[in-house]
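Please read the structure below before turning to the comments.
The values are calculated or read from the model by the stated rules, or taken from the named source; none is laboratory data. Please read these numbers as outputs of a predicted model, since none were measured by experiment. Here the Cβ is made from the backbone with ideal geometry for all residues, glycine too, and neighbour counts use every protein chain on show.
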Amino acid sequence: MTAPNSSERKACWDSRDLLWKCLDDNDDDPSPCQKLHSEFEAKCPAQWVKYFTKRREFLKFKEKMETEGFQPAGGPRGGS
């Protein structure tokens, strides 16, 4: 596999940005963004798609932790 050239990288990043904006605008509902997702997968190497998908999940999780804070799954500790 050869590394993408600068125009291929730009096309990939642009398609990623459009997809992420669509997801943000639609509260992470992927259905209105299917065409953009297909373009993202077509314009980016598979490893990049995997990386960017995990990166978005991480950034969303980080944002949630920064705004809502940590919420233990089991609720407050105490007697049972």
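Please work out which one of (1) at pLDDT 95 or above; (2) surrounded by 12 or more Cβ atoms within 10 Å (Cβ to Cβ); (3) in a loop (DSSP other than H, G, I, E, B) is the condition PRO4 fails and give its number. Unmet for PRO4, out of (1) at pLDDT 95 or above; (2) surrounded by 12 or more Cβ atoms within 10 Å (Cβ to Cβ); (3) in a loop (DSSP other than H, G, I, E, B): (1). Report whether or not LYS60 is at pLDDT below 95 and surrounded by 11 or more Cβ atoms within 10 Å (Cβ to Cβ). When the stated conditions are applied, LYS60 passes them. When the range 39-58 is filtered for residues that are within 16 Å of LYS21 (Cβ to Cβ) and among the hydroxyl-bearing types (Ser, Thr, Tyr), only THR53 remains. Scanning the range 40-67 for residues that are in a loop (DSSP other than H, G, I, E, B) and among the hydrophobic types (A, V, I, L, M, F, W, C) gives a single hit, CYS44.
Just checking, how many residues over the range 24-36 are touching a residue at least 12 places away in the same chain (Cβ under 8 Å) and within 11 Å of the chain's Cα centre (by Cα)?
1
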